[in-house]
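The values are calculated or read from the model by the stated rules, or taken from the named source; none is laboratory data. Because the structure is predicted, anything quoted here is derived from the model rather than measured. No Cβ is skipped: glycine too gets one built from the backbone with ideal geometry, and neighbour counts run over all protein chains shown. These accessible areas exclude ligands, DNA and RNA; they are computed on the full protein's heavy atoms, side chains included. Shrake-Rupley method; radii C 1.70, N 1.55, O 1.52, S 1.80 Å.
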Amino acid sequence: MPSFRFLVRVLATLLLAFAAAEACLALHTPLPWMIGPLLAVSLASIAGAPTASLTPLRNAGQWTIGTALGLYFTPQVLGLVAGIWWAIALAIAWALLLGWGFGRWLHGLHAARMPHVPPNSMRATTYFAGAIGGASEMTLLSEASGARTDLVAAAHSLRLVVVTVTIPFAMQWSGLHGLEINPSAVRQVNAGGLALLALATGVGGLAMRALGRTNPWFMGALLVAMGLTVAGQSLSAVPTWMSNAAQLVIAVSLGVRFSREFLHTAPRWLGSVALGTLGMLVLCAGAAWLLAWATGLHPATMILSTSPGGIAEMSITAKVLQLGVPVVTAFQVCRLVAVLLLVGPMYRWIYARN
């Protein structure tokens, strides 16, 4: 059980995040319940404030978002997604190639600057730091290969923050939002139906956790809600306040990863990761326009689908900005699964002889 002092830190962090979200609402920024808390908690953590996040709250946030996204997958939408399987396959191949290229770039920059890191460890560190996958999953995979896990985790955390902040502002400033609306199959909140939906998706989350799957609360809730929607079971919509609260606690869980020591550990490493992430965003935007031309989908939807961000963050962006939620979710989920399955064997295949 967490101590009373820790719970006070969690409460204070949540209050800071809520105040930041209200400020962003007043300023009319994109994704106020995500970006405001993320920036406020990150800066407070870097400044040395005793910020804290409670894991059950983060899990509840992922559960809520997974459930809300699953309600978009009507049979018609599922048919659309199935019809562009080839584009999803191309996006997966692009992500693997881009991650490998980013890792090679990091290795070229830092191998000579970090002579204290053994060559094999440095190679694994840059490879898994460049891979476009979840921070926790890539860190665990890199540990088995002898990588510097602190550098890998730092790279993924910073990449996720850069993408989460950059893309929504770019979408808002360019006017690319509200252009492709796929409304949820269920638009009204029903108390009894919401309780049944929560129970069913909660069981899905528990099952995924028992199976040891990645992001169990998000993936379990998403799959169950998708199944119910495809079957025509319209239980209830997810209330807006729950979706907003979920965005806030997910943002807090990202923001507390940063600390004063985080910046002092390897500032050049972090600087190159930030610069490289911006470069990847530009390259992904180019790939997105090509896929948009080939599929007939809106470029903004494809930008979110191919961006090097996380599933929850990019899907939330699509939901709030009304940019093809099912397509973005399908691309991001398929990519994550493929990367988790392939990035380890790829490393052994590429560097087995070295």
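Some notes on this structure:
- Gyration tensor verdict on the stretch 202-354 (Cα atoms; rounded if a/c is under 1.5, prolate if a/b is larger than b/c, oblate otherwise): rounded
- Figure note: Phe218, Phe6 ranked by solvent-accessible area, largest first, 1.4 Å probe, ligands and nucleic acids not counted: Phe6, Phe218.
- Thr214 accessible area, assembled protein chains, probe 1.4 Å, Å²: 40
- In this rough spin-label picture, where each label sits 7 Å from Cα along the Cβ direction, the Ala112-Ala285 distance is 3.2 nm.
- Applying both filters, DSSP loop and at most 12 other Cβ atoms within 10 Å, to the trypsin sites (Lys or Arg not before Pro) of the stretch 298-354 gives Arg353.
- Binning the alpha carbon pair distances of the stretch 276-325 at 5 angstrom intervals from zero yields the distribution 5, 25, 28, 25, 15, 2, expressed in whole percent.
- Global form of the stretch 114-168, assessed from the alpha-carbon gyration tensor, a/c cut-off 1.5: prolate
- For Val230, solvent-accessible area (1.4 Å; no DNA, RNA or ligand), Å²: 60
- At 0.692 mPa s and 37 °C, Stokes diffusion of the chain via Kirkwood alpha-carbon radius, µm² per second: 158
- In nm, spacing of pseudo-spin labels at Trp173 and Ala12 (7 Å Cα→C-beta vector): 3.5
- A simple spin-label model places the labels of Ser136 and Leu275 3.3 nm from each other, with each point 7 Å out along Cα-to-Cβ.
- Cα-based shape type of the stretch 227-307, given that a ≥ b ≥ c are square roots of the gyration tensor eigenvalues and the cut on a/c is 1.5: oblate
- Accessible area (Å², 1.4 Å probe, nearest 10) - Ser174: 70
- Taking all protein chains together, Ser136, Ser259, Ser142 sort by accessible area into Ser136, Ser259, Ser142, largest first [probe 1.4 Å].
- Each semi-axis of the equivalent ellipsoid for the stretch 239-281 is √(5λ) with λ an eigenvalue of the Cα gyration tensor; in descending order they amount to 29, 16, 4 Å.
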